[in-house]
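J.: Dumping the structure here so I can ask a few things about it.
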Amino acid sequence: RAYGVAFQVLMVVDEAVLELGADRVFDFLVDSGITQCGFNAATPTNQPEAEAGTRTDHYVAPARMNAFLAQIYDRWVDHGDPSLHIREIEALRRRLSGQAAGFCKLAGECLGRYYIVEPDGAVAHCDLFLGDPAYELGNLMTGSWAQLRAGAPMTHLTRQRAAQLDAMQSCPEFGVCQGWCP
């Protein structure tokens, strides 16, 4: 701030943050003069072979995260300061008005737009899928971006995601969430 460097806050919401509560978090943002903020739910390390419903440490259930965000929204409305921008609120407002979300989880089809590149050159679709072989696309040490983007793993993921999105089209909220994150 002393040198005029713009910044934003990206807060990971875990059980400790939920225990603090949305009111305390919101007050901290306001009291600290933070005007740009986003919230990421804590996610577990990928366990692609685990059975559905397997409990993991450091994970915030979607219902609990949604409740937290709803409380943040209520505080934001009550606060009434339009200079405070919260990524998730902004993204939902844009989607509800038919605009692009500007936030990957509400952007719709994200395959081929977000990657993680590991130090050894390994490439996967997005950091959320690190450790899941189904989302590994190859290695830049042995192939080019064009090869990775046109390769069998990406082709398979693209087809699989298209089928998922097609199955979700009838959901009345699809126009907002766009199928969420794969």
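The values are calculated or read from the model by the stated rules, or taken from the named source; none is laboratory data. Please read all numbers here as calculations on a predicted model, not as lab measurements. Cβ: placed from backbone, ideal geometry, glycine included. Neighbour counts: every protein chain shown. Ligands, DNA and RNA are excluded from the accessible area calculation, which covers all protein heavy atoms including side chains. Shrake-Rupley method; radii C 1.70, N 1.55, O 1.52, S 1.80 Å.
J.: Before I look further, what does the chain give for accessible area per residue, probe 1.4 Å, in whole square angstrom?
T.: Details: 11340 Å² over 182 residues.
Each residue of the chain exposes 62 Å² on average to a 1.4 Å probe.
J.: Alpha carbon centre of the range 91-162 versus the range 1-70: separation in Å?
T.: What the calculation gives is 22 Å, centre to centre.
J.: Kirkwood Rh over alpha-carbon pairs of the range 84-132, then Stokes-Einstein at 20 °C and 1.002 mPa s: what D in µm² s⁻¹, rounded to an integer?
T.: 173
J.: With no solvent and one point on each alpha carbon, what is the Debye value of log10 I(q)/I(0) for the chain at q = 0.12, 0.14, 0.18, 0.19 Å⁻¹?
T.: -0.73, -0.96, -1.33, -1.38
J.: When all protein chains stay in place, what accessible area (Å², nearest 10, 1.4 Å probe) is found for Leu130?
T.: 80
J.: Oh, and also: Can you list residues whose amide H is under 5 Å from Gln36's amide H, if they're 5+ apart or on another chain and H is modeled 1.01 Å from N?
T.: Val9, His85
J.: Can you compute the helix-only [θ] at 222 nm over the chain? Use -39500 (n - 2.57) per DSSP H run of at least 4 residues, normalise by all residues, nearest 500 deg cm²/dmol. Let's see the in-between values first.
T.: On the way: 7 runs with 71 residues, N = 182.
The per-residue figure over the chain is -11500 deg cm²/dmol.
J.: Another question, then. Enumerate the whole-percent occupancy of each 10 Å bin, from 0 to the last occupied one, for all C-alpha pair distances of the range 142-182.
T.: Each 10 Å bin holds this share of Cα pairs: 27, 37, 24, 10, 1.
J.: Counting other Cβ atoms within 10 Å, which GluC sites (Glu not before Pro) in the range 84-153 have at most 14 and lie in a DSSP loop?
T.: Qualifying residues, ordered by number: Glu109.
J.: In addition: Could you work out how far helix 152-168 tilts from the main Cα principal axis of the chain, as a 0 to 90 degree angle to the nearest 10?
T.: Between the helix axis and the principal axis of the chain, the angle is about 50 degrees.
J.: Same structure again: Based only on Cα atoms, what Rg/Rh ratio does the range 51-96 have, Rh being taken as Kirkwood's radius?
T.: Over the Cα atoms of the range 51-96, Rg/Rh equals 1.13.
J.: Given a Förster radius of 25 Å and the C-beta distance between Cys104 and Asp31 as r, what FRET efficiency does 1/(1 + (r/R0)^6) yield to the nearest 0.05?
T.: Numbers: r = 29 Å, r/R0 = 1.17.
E(calc), rounded to 0.05, equals 0.30.
J.: Now for a separate question. Taking the convex hull of the Cα atoms, report for the range 1-95 its projected area averaged over all directions, in nm².
T.: About 7.9 nm², averaged over all directions.
J.: How large is the convex hull of the C-alpha atoms of the range 84-182 per residue, in Å³?
T.: Dividing the Cα hull volume of the range 84-182 by its residue count gives 112 Å³.
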